[in-house]
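J.: Okay, here's the structure, questions in a sec.
The values are calculated or read from the model by the stated rules, or taken from the named source; none is laboratory data. On a predicted model such as this, the values are computed, not experimentally measured, just so you know. Ideal geometry is used to build each Cβ from the backbone, glycine not excepted, and the neighbour counts take in all protein chains shown.
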Amino acid sequence: MKKYTFAGHSIYSTNEIDKEINIDQILQKFQQNSEKYNYTHYINNRWENIYLNPKDIPAVLPLLSFAISTALELFQDMLKPHQSLVIPHELLGYEKNEFWFNAATNGESTGMHNHNANAIISGVIYLQIPENSANLFFKSGKNNELEIEVETGKVIFFPSELDHYVPENKSNEMRISLSFNLYKFPISASIMHELPV
């Protein structure tokens, strides 16, 4: 696990993921279920977020479990004693899924943004990262940036409030990642109503 300190926050990255996580299977189910995609965030002539019901892509469940257990260890200073975390999704009875795919082809990028204000920790796992498809950048203020090199299989955890972006994909292949938001559990009804549709 590698730790970065940026703008007073801790960011972590690792290539050591649980052996139950099958990236090839996640990618296969993602591509097979294209007719079931739900989209949000139409920016620069593309849909940035692609959602699937976890029942259609059960291979993500070990990844979500890994994300929760890892975040609990890494960010325990942000939590109360015995506080737990959850990534809301439909199989847990939530109306909305707080994990999504981002698929960028040549020339596409992901603009500056941060994640839901009520989430505490966010993360991303890189499922398919061709050479020259761009790294992840965090930004604070005008000139303070942190670039984290990405590769297939890497997971990055960061506080949800941090601004970040991904420059243009300069490869001829698709760059595919899966992002997620973690919330303090239990989640209040008012916060659930504020989750993005």
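J.: Six or more apart or on different chains, Cβ atoms under 8 Å: show the pairs whose first residue is in the stretch 144-172 and over 15 Å from Ser10 (Cα atoms) and aromatic (Phe, Trp, Tyr) and whose second is at pLDDT below 95 and assigned to a loop (DSSP other than H, G, I, E, B).
T.: Partner pairs satisfying both residue conditions: Tyr165/Ser109.
J.: Listed residues Ile50, Ile26; which is under 23 Å from Val150 (Cα atoms), of a type in the set (A, V, I, L, M), surrounded by 17 or more Cβ atoms within 10 Å (Cβ to Cβ) and modelled with pLDDT under 95?
T.: When all the criteria are applied, what remains is Ile50.
J.: So which residues in the stretch 79-94 are surrounded by fewer than 18 Cβ atoms within 10 Å (Cβ to Cβ) and under 19 Å from Ser179 (Cβ atoms)?
T.: Residues satisfying the conditions are Val86, Glu90, Leu91, Leu92, Tyr94.
J.: Also, quick follow-up: I'd like the full set of residues that are farther than 16 Å from Ser179 by Cβ and of a type outside the set (A, V, I, L, M, F, W, C), limited to the stretch 66-78.
T.: Result: Ser69, Glu73, Gln76, Asp77.
Yes or no, residue by residue, for (1) among the acidic types (Asp, Glu); (2) out of contact with any Leu (no Cβ under 9 Å at 6 or more places or on another chain); (3) more than 21 Å from Asn44 (Cβ to Cβ):
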| site | (1), (2), (3) |
| --- | --- |
| Glu98 | yes, no, yes |
| Ala104 | no, yes, no |
| Ser109 | no, yes, no |
| Gln128 | no, no, no |
| Lys142 | no, yes, yes |
| Ile148 | no, no, yes |
| Ser171 | no, yes, no |
| Leu182 | no, no, yes |
| Phe185 | no, no, yes |
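Okay, residues lined up against (1) closer than 30 Å to Asn132 by Cα; (2) touching a Gly at 6+ places or on another chain (Cβ under 6 Å); (3) in contact (Cβ under 8 Å) with a residue 24 or more places away in the chain:
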| residue | (1), (2), (3) |
| --- | --- |
| Glu73 | no, no, no |
| Met78 | no, no, yes |
| Leu92 | no, no, no |
| Glu95 | no, no, yes |
| His115 | yes, no, yes |
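J.: I'm checking my understanding of the structure. Among residues of the stretch 59-71 that are among the aliphatic types (A, V, I, L, M) and in contact (Cβ under 8 Å) with a residue 60 or more places away in the chain, which one is nearest to Ser10 (Cα to Cα)?
T.: Filtering the stretch 59-71 for residues among the aliphatic types (A, V, I, L, M) gives 59-61, 63-64, 67-68, 71.
So of that shortlist, the ones also in contact (Cβ under 8 Å) with a residue 60 or more places away in the chain come out as 60, 63-64, 67-68, 71.
On the way: Val60: 25, Leu63: 21, Leu64: 20, Ala67: 16, Ile68: 17, Ala71: 12 Å.
So, considering only residues that are among the aliphatic types (A, V, I, L, M) and in contact (Cβ under 8 Å) with a residue 60 or more places away in the chain, the one nearest to Ser10 (Cα to Cα) is Ala71.
J.: Output the residue which, of all residues in the stretch 3-58 that are free of Cβ contacts under 8 Å to residues at least 40 places away in the same chain and among the hydroxyl-bearing types (Ser, Thr, Tyr), is farthest from Asn97 (Cα to Cα).
T.: Per the stated criteria, the residue is Thr5.
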